[in-house]
């Protein structure tokens with residue numbers, strides 16, 4: 001008999017400000033790697049399972065420069081795309097001079113919230129799991145998501161940037 005193991009058991013959410021996994025600078029990935037494809041698929045599902053709007057590979061215990069983000073409207077309420085977007089090896093290559101301050105929280109730090117200053121717009125360069133290189137400008141709420149998630153890839157938590 002074969003038993004199904006839920007993804008959330010295979011990739012449990014990492015918690016805590018002192019968790020060494022969440023404080024590690026992650027390793028770049030290659031989209032040809034089958035493990036990268038497996039984690040990309042897991043992130044796509046886990047972002048929904050954990051009821052999040054963003055999720056980084058370190059948050060599920062993976063040392064990979066990979067994030068899943070959802071496309072939301074400027075207030076973060078309405079989903080603009082049906083599935084999360086997976087970014088491999090994302091890098092911010094440009095940003096606006098204008099910043100905004102908004103309240104952030106994190107699945108890995110439940111019940112903690114605080115104001116963080118972020119760039120209003122960022123241009124991010126990344127690779128898709130299919131190997132396509134992309135450069136996209138993200139604004140408002142999605143810009144905040146990208147910056148928050150890229151911080152995770154460098155071992156930085158939003159509480160490190162509280163105002």
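Numbers for the structure displayed
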read-out	value
Residues within region 48-68 that are farther than 11 Å from residue 149 by Cβ and either modelled with pLDDT of 90 or more or touching a strand residue (DSSP E or B) at 6+ places or on another chain (Cβ under 7 Å) (or both), tallied	5
Leading residue by the ranking (nearest to residue 15 (Cα to Cα)) among those in region 138-163 that are part of a strand (DSSP E or B) and modelled with pLDDT of 95 or more	154
Qualifying positions in region 1-19 - modelled with pLDDT of 80 or more and more than 21 Å from residue 54 (Cβ to Cβ)	18
Residue in region 115-131 that is within 18 Å of residue 84 (Cα to Cα) and without any contact (Cβ under 8 Å) to a residue 24 or more places away in the chain present	no
Among (1) modelled with pLDDT under 95; (2) surrounded by 18 or more Cβ atoms within 10 Å (Cβ to Cβ), the one test that residue 88 misses	(1)
Of all residues making up region 29-74, the number that are in contact (Cβ under 8 Å) with a residue 24 or more places away in the chain, touching a helix residue (DSSP H, G or I) at 6+ places or on another chain (Cβ under 9 Å) and part of a loop (DSSP other than H, G, I, E, B)	13
Check on residue 125, surrounded by 14 or more Cβ atoms within 10 Å (Cβ to Cβ), modelled with pLDDT of 95 or more and outside any strand (DSSP E or B)	no
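The values are calculated or read from the model by the stated rules, or taken from the named source; none is laboratory data. All figures in this text were calculated on a predicted structure; none of them were measured in a lab. Neighbour counts are summed over all protein chains in view; Cβ atoms, including those assigned to glycine, are modelled from backbone coordinates with ideal geometry.
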